[in-house]
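Just below is one structure, and these are the notes that go with it.
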Amino acid sequence: MDEEEKEDKEAKKQKKSEDKEMQLTDLPGIGPAVAAKLESAGIYDLMSLAVMNPTELGEISGVSAAVARKAIQAARKMLNLGFMSGDEYAEKRGSVLYITTGSKNLDALLGGKGVESRAITEAFGAFGSGKTQLGLTLAVNVQLPPEKGGASGKCVFIDTEGTFRPQRIRQIAEGIGANPDNVLKNILVARAFNSDHQILLLDRISEMIKEGEPIKLMIIDSLTAHFRAEYSGRGQLADRQQKLNRYIHNLMKLAEQHNLAVYVTNQVMANPAQMFGDPTTAIGGNIVGHASTYRMYLRRGKQGSRVAKLIDSPNLPDNETVYYVTEAGVRDEEK
Ligand code: GTP
Ligand code: MG
């Protein structure tokens, strides 16, 4: 073999390892046209496809259920999804990121380090209970380096109520000694005008991550308001719940795929006497069923304090703790 031939072989080898990242079109039954359809629906990589079910994939791409099933199976095989050994699992868990709430008490309530990635943290409570303020504080804190309680990442803030206030972000940024302009630049805000728009924005987030935006936190304030307003009629409850469940499912998928933390807010009526049963039960239903979900009930406490109660956590006790909303955001003390 002469020198040139050798080089050629070497180059081919190199090329092969560069191509290691498999494409959608590497899957059986997925040609360029189908791949293009999938991409326009926000499915860019094998992982996004592997976590779908055949019906869903069929609806989006137009392929038959049999083809969809084969493609999903192939994607799962290529990605080596399925069971893993305990140490592998521990390693994967190890990549979980945490974002401090700004309060040690609140962090402790959530298991020690604050809001975590690959999970949804839900705050529910009456108006003025501090749900948005906690979101704004997290939007700043996610930008901190890990040793300071952040994830060195950007935040996406989906604002359904028009309550995002840049000026408030500036105050909170100053509270941790950060440059307010830089902090604001790292928060990508979108106003969602109705529930369909709110749903659509998730695809945009997938794209941004794909384009390389280091998004580590996704905030939806409020998760439920549009759904509640649009599906308020008699007999619409089941529809609303179904849409909301699907949305939450998609949030969870994004969180899993991209190792994101998700923080959502959910308003409940101020007067518990108006409600039947447990006053801490959120309207719009519980975000049920997933192991890594944290639900906190927020309310005003004595002398300007706030109280957070953890509800139904799969691996933490249902504790209560006290914190404050200050000019610098969420804190353990009033000043
Ligand atoms: P809804 O969105 O209406 O359901 O309420 P929410 O739970 O999102 O309430 P939000 O987080 O907006 O809390 C509002 C409360 O936070 C105010 O009533 C104040 O008590 C407190 N707050 C907001 N900004 C500041 C601030 O700059 N300094 C201090 N000390 N407190 C603030
Ligand atoms: Mg709010």
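The values are calculated or read from the model by the stated rules, or taken from the named source; none is laboratory data. Keep in mind that this is a model prediction, so the values were computed, not measured. Please note: Cβ atoms are built from the backbone with ideal geometry, for glycine as well, and neighbour counts cover all protein chains shown. Please note that ligands, DNA and RNA were not included when accessible areas were found on the heavy atoms of the full protein model with its side chains. Shrake-Rupley method; radii C 1.70, N 1.55, O 1.52, S 1.80 Å.
Summary of values
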| quantity | calculated |
| --- | --- |
| The lone exception for Y98 - which of (1) within 16 Å of ligand 2 (Cβ to nearest atom); (2) open to solvent by 10 Å² or more (accessible area, probe 1.4 Å) it fails | (1) |
| Hits in the range 129-166 - residues which are assigned to a helix (DSSP H, G or I) and over 14 Å from I99 (Cα atoms) | K131, T132, Q133, P166 |
| Qualifying residue in the range 167-181 (condition: on the phi < 0 side of the Ramachandran plot, assigned to a loop (DSSP other than H, G, I, E, B) and in contact (Cβ under 8 Å) with a residue 12 or more places away in the chain) | yes |
| Number of positions in the range 194-237 that are in contact (Cβ under 8 Å) with a residue 12 or more places away in the chain and either assigned to a loop (DSSP other than H, G, I, E, B) or over 22 Å from T163 (Cα atoms) (or both) | 13 |
| Yes/no for K104 being more than 27 Å from Y247 (Cβ to Cβ), of a type in the set (K, R) and surrounded by fewer than 23 Cβ atoms within 10 Å (Cβ to Cβ) | yes |
| Test: A108 is closer than 16 Å to V330 by Cα, at pLDDT 95 or above and away from ligand 1 (no atom under 16 Å from the Cβ) | yes |
| Single residue of A229, A192 found to be open to solvent by 60 Å² or more (accessible area, probe 1.4 Å), small (G, A, S) and within 16 Å of ligand 1 (Cβ to nearest atom) | A229 |
| Selection status of A123, touching a residue at least 40 places away in the same chain (Cβ under 8 Å) and part of a strand (DSSP E or B) | yes |
| Looking only at the range 145-175, and only at residues there that are open to solvent by less than 20 Å² (accessible area, probe 1.4 Å) and under 12 Å from A328 (Cα atoms), the one that is farthest from ligand 1 (Cβ to nearest atom) | A173 |
| Positions within the range 117-144 being under 25 Å from Q257 (Cα atoms), of a type outside the set (A, V, I, L, M, F, W, C), open to solvent by less than 10 Å² (accessible area, probe 1.4 Å) and more than 9 Å from ligand 2 (Cβ to nearest atom), in sequence order | S117, T121, E122, T137, N141 |
